[in-house]
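J.: Here it is: the structure, laid out below.
The values are calculated or read from the model by the stated rules, or taken from the named source; none is laboratory data. From a predicted model like this one, the values you see are computed outputs, not experimental measurements. Here Cβ is always computed from backbone atoms with ideal geometry, including for glycine, and neighbour counts include all displayed protein chains.
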Amino acid sequence: MNKQLIRDLAITGGIYDCLRDPYDKLGNGDYYSSIMVDLERFAEKIVRECIRIDIENRDAAPGVEIAKYFGVKL
(Lines give C-alpha, C1' and ligand atoms only; values in the text may rest on other atoms or scores of the structure.)
Protein backbone atom coordinates (compact mmCIF):
# COMPACT_ATOMS: atom_id res chain seq x y z
CA MET A 1 0.00 0.00 0.00
CA ASN A 2 1.27 3.43 -0.91
CA LYS A 3 0.97 4.99 2.53
CA GLN A 4 2.28 8.35 1.34
CA LEU A 5 -0.44 8.58 -1.32
CA ILE A 6 -3.18 7.74 1.21
CA ARG A 7 -1.71 10.28 3.62
CA ASP A 8 -1.62 12.93 0.88
CA LEU A 9 -5.25 12.25 -0.08
CA ALA A 10 -6.29 12.58 3.56
CA ILE A 11 -4.31 15.74 4.21
CA THR A 12 -5.27 17.59 1.01
CA GLY A 13 -8.96 17.16 1.74
CA GLY A 14 -8.66 18.32 5.34
CA ILE A 15 -9.80 14.87 6.39
CA TYR A 16 -6.74 14.05 8.49
CA ASP A 17 -7.29 17.09 10.71
CA CYS A 18 -10.97 16.20 11.20
CA LEU A 19 -10.08 12.68 12.32
CA ARG A 20 -7.31 13.86 14.65
CA ASP A 21 -9.38 16.62 16.19
CA PRO A 22 -13.10 15.72 15.96
CA TYR A 23 -15.63 18.52 16.04
CA ASP A 24 -19.39 18.75 16.26
CA LYS A 25 -20.00 19.22 12.53
CA LEU A 26 -23.52 17.79 12.77
CA GLY A 27 -24.42 20.01 15.72
CA ASN A 28 -25.76 17.13 17.80
CA GLY A 29 -23.36 17.44 20.76
CA ASP A 30 -21.39 14.32 19.74
CA TYR A 31 -17.96 15.32 18.50
CA TYR A 32 -17.31 11.87 17.07
CA SER A 33 -20.53 11.53 15.04
CA SER A 34 -19.07 13.72 12.30
CA ILE A 35 -16.26 11.23 11.66
CA MET A 36 -18.51 9.24 9.31
CA VAL A 37 -19.11 12.37 7.23
CA ASP A 38 -15.34 12.82 6.89
CA LEU A 39 -14.75 9.13 6.13
CA GLU A 40 -17.39 9.24 3.40
CA ARG A 41 -15.65 12.28 1.90
CA PHE A 42 -12.32 10.41 2.04
CA ALA A 43 -13.84 7.36 0.34
CA GLU A 44 -15.25 9.62 -2.37
CA LYS A 45 -11.77 11.07 -2.98
CA ILE A 46 -10.39 7.56 -3.43
CA VAL A 47 -13.18 6.63 -5.86
CA ARG A 48 -12.51 9.80 -7.85
CA GLU A 49 -8.82 8.85 -8.06
CA CYS A 50 -9.83 5.40 -9.35
CA ILE A 51 -12.05 6.96 -12.00
CA ARG A 52 -9.21 9.26 -13.07
CA ILE A 53 -6.80 6.33 -13.36
CA ASP A 54 -9.37 4.35 -15.35
CA ILE A 55 -9.89 7.24 -17.78
CA GLU A 56 -6.13 7.80 -18.20
CA ASN A 57 -5.45 4.09 -18.84
CA ARG A 58 -8.23 3.12 -21.23
CA ASP A 59 -6.12 0.43 -22.92
CA ALA A 60 -5.01 -1.27 -19.69
CA ALA A 61 -6.89 -3.45 -17.23
CA PRO A 62 -8.36 -0.88 -14.81
CA GLY A 63 -8.14 -3.04 -11.70
CA VAL A 64 -4.47 -3.72 -12.27
CA GLU A 65 -3.65 -0.06 -12.94
CA ILE A 66 -5.57 1.07 -9.85
CA ALA A 67 -3.81 -1.53 -7.70
CA LYS A 68 -0.42 -0.37 -9.02
CA TYR A 69 -1.29 3.27 -8.39
CA PHE A 70 -2.25 2.64 -4.78
CA GLY A 71 0.61 0.16 -4.27
CA VAL A 72 -1.65 -2.79 -3.55
CA LYS A 73 -0.10 -6.17 -4.32
CA LEU A 74 -2.34 -8.51 -6.27
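J.: With touching a residue at least 60 places away in the same chain (Cβ under 8 Å) and hydroxyl-bearing (Ser, Thr, Tyr) as the only criterion, which of Tyr32, Tyr69 stands out?
T.: Tyr69
J.: Would you pick out the residues in the stretch 46-74 that are surrounded by 14 or more Cβ atoms within 10 Å (Cβ to Cβ) and either in a loop (DSSP other than H, G, I, E, B) or in contact with a Ser or Thr (Cβ under 9 Å, 6 or more places away or on another chain) (or both)? Walk me through it before giving the result.
T.: The first filter runs over the stretch 46-74 and keeps only residues surrounded by 14 or more Cβ atoms within 10 Å (Cβ to Cβ), leaving 46, 49-50, 53-54, 57, 62, 65-70.
Once the filter is applied, which keeps residues that are surrounded by 14 or more Cβ atoms within 10 Å (Cβ to Cβ) and either in a loop (DSSP other than H, G, I, E, B) or in contact with a Ser or Thr (Cβ under 9 Å, 6 or more places away or on another chain) (or both), the stretch 46-74 yields only Asn57.
J.: Among (1) over 16 Å from the mean Cα position of the chain (by Cα); (2) surrounded by 14 or more Cβ atoms within 10 Å (Cβ to Cβ), there is one condition Gly29 misses while meeting the rest; what is its number?
T.: Single failed check for Gly29: (2).
J.: Tell me whether the stretch 25-32 contains one or more residues that are within 21 Å of Arg7 (Cα to Cα) and modelled with pLDDT under 80.
T.: yes
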